[in-house]
Amino acid sequence: MLKKLKEKFADITGAKAEELETVVAPKKASANKALSDDNTEAEKELRLKKDTVMSKIVSDSVTPPGVGDIVEGPVIAIEKSGVYIDLAPYGTGIIYGREYISARDVVKKMNIGDKVSAKVVDTDNKEGYIELSLKEARQALIWSEAEELIKNKTALELPVQEANKGGLIISWQGIVGFLPASQLKTEHYPRVADGDKDKILEELKKMVGQKISVCMISALPKEGKLIFSEKSPEHKEKEKIVGKYKIGDEVSGTVTGMVDFGVFVKLEEGLEGLVHISEINWSLVEDPRLLFKVGEKVQVKIIEIKENKISLSLKALQENPWVEAATKYKKDSVVDGVIIKFNKHGALASVEEGIAGLVHISEFGNEMKMKAQLELGKTYSFKITLFDPKEQKMALSFVGGKK
């Protein structure tokens with residue numbers, strides 16, 4: 001390449017020199033004495049012309065492409081074993097060997113004159129051609145496009161291909177990407193109370209085949225990975241919405257869904273909060289679906305705001321029964337209680353609306369013996385062994401038979 005530039009310079013300077021001699025010759029004939037003087041006007045003019053030519057060549061010269069650069073040029077020849085691309089003024093590019101084989105499907109559709117973008121893999125092979133790769137060029141262009149999509153926060157409609165316990169698998173331009181479950185919108189987030197990964201997977205699998213609107217938030221070309229988010233574009237907007245609320249606010253909302261672990265309530269467009277099952281009522285709630293219906297209006301209190309997520313409470317707007325209970329009960333008191341639930345720790349007995357205590361299984365030896373003495377819905381006598389109204393805790397000891 002450097003040799004060609006030198007030749008070009010020699011041709012141009014030679015031609016310009018001849019032109020200058022034609023201009024200067026008459027002056028030589030009429031002023032021989034002046035020719036010996038380095039500072040004559042003719043000498044100055046000649047040097048100025050030569051400097052101008054050199055400056056033009058330098059300014060017109062563009063740095064030749066290097067390995068890894070993307071170049072573009074028209075197809076000038078298509079042969080059985082290679083494709084030739086005009087990369088003037090640098091020379092001729094060639095796609096051959098493995099690169100030709102991997103691009104056969106594209107080559108079949110090529111015609112002389114078609115403009116082709118390719119990646120330089122060798123700047124000067126043994127035959128003097130610039131070796132090119134269509135496959136690598138396509139990959140480079142795709143990753144470049146990915147960076148633009150991230151920069152512009154462009155929304156893409158893409159189908160969910162697979163699901164795993166961590167999130168969803170989505171493909172873009174032939175590159176496999178991952179959408180973590182944490183990056184799903186509220187309505188798509190797996191609503192699983194105990195965080196059971198198998199249950200989460202079952203919920204995520206329901207989205208396979210669906211098209212969802214996502215944004216690319218990370219591109220890792222070396223690893224060939226993309227990371228997507230379903231909520232990235234609305235993140236700042238949601239921050240503004242959440243910023244309008246504070247802990248302690250009492251607000252009205254609309255029930256949007258019921259699950260095993262609580263109720264979802266929409267406070268306004270783009271903002272939804274959760275009333276956990278423990279915050280629905282002071283009394284034991286087994287199934288929220290039996291208490292609410294979608295579209296129902298409810299009054300709730302904000303009890304936590306964390307990472308743009310709002311936790312709500314219904315029972316915080318109700319009178320706390322433990323305040324009154326503190327004046328009525330104390331340790332060692334004997335009370336009547338109704339068995340309302342069995343769990344792995346024992347039996348839960350309700351002393352009054354919203355006030356319940358645990359009868360530990362150890363009093364009976366095992367679950368079978370406990371259930372032999374206690375029945376759901378039946379009333380028994382118990383002795384209070386622990387009473388802490390501030391912590392809303394009560395422990396009971398079985399005293400007598402059912403009433």
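The values are calculated or read from the model by the stated rules, or taken from the named source; none is laboratory data. Since the structure is predicted, the reported quantities are computational estimates derived from the model, not experimental observations. As a convention, Cβ positions derive from the backbone with ideal geometry for all residues, glycine included, and neighbour counts pool all protein chains shown.
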- Message: Can you confirm whether Lys153 is more than 28 Å from Cys215 (Cα to Cα) and of a type in the set (Lys, Arg)?
- Response: no
- Would you mind stating whether Ile305 is in contact (Cβ under 8 Å) with a residue 60 or more places away in the chain, closer than 30 Å to Thr256 by Cα and touching a Leu at 6+ places or on another chain (Cβ under 9 Å)? no
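The rows are residues; the columns are (1) at pLDDT 90 or above; (2) touching a strand residue (DSSP E or B) at 6+ places or on another chain (Cβ under 7 Å); (3) over 30 Å from Glu352 (Cβ atoms); (4) among the small types (Gly, Ala, Ser).
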position	(1), (2), (3), (4)
Val208	yes, yes, yes, no
Asp260	no, no, no, no
Phe264	yes, yes, yes, no
Ser283	no, no, no, yes
- Message: Show the residue pairs meeting these rules: Cβ distance below 9 Å; 6+ apart or different chains; first residue within the range 199-226 and in the same structural domain as Ile170 (by TED's automatic domain parsing) and in a helix (DSSP H, G or I); second residue of a type in the set (Ser, Thr, Tyr) and crowded, with 16+ Cβ neighbours inside 10 Å.
- Response: Glu203/Tyr189
- Exactly one of Gly91, Gly73 is in contact (Cβ under 8 Å) with a residue 60 or more places away in the chain, buried (at least 17 other Cβ atoms within 10 Å of the Cβ) and either outside the structural domain of Trp172 (by TED's automatic domain parsing) or in contact with an Asp or Glu (Cβ under 9 Å, 6 or more places away or on another chain) (or both), and that one is Gly91
- Hey, which of the strands (runs of 3 or more DSSP E) in the range 88-197, taking only ones fully inside, have at least 2 residues that are farther than 30 Å from Pro65 by Cβ and at pLDDT 85 or above? 155-164, 167-172, 175-180
- Message: If Ile217 meets every condition in (1) within 25 Å of Asn308 (Cα to Cα); (2) at pLDDT 90 or above apart from one, which number is that one?
- Response: (2)
- Task: Name the single residue, out of those in the range 156-176 being surrounded by 13 or more Cβ atoms within 10 Å (Cβ to Cβ) and small (Gly, Ala, Ser), that is farthest from the chain's Cα centre (by Cα).
- Result: Ala163
- State whether one or more residues within the range 195-204 are among the acidic types (Asp, Glu), surrounded by 13 or more Cβ atoms within 10 Å (Cβ to Cβ) and within 27 Å of Glu268 (Cα to Cα). yes
- Residues in the range 328-348: is at least one in contact with a helix residue (DSSP H, G or I) (Cβ under 7 Å, 6 or more places away or on another chain) and part of a helix (DSSP H, G or I)? no
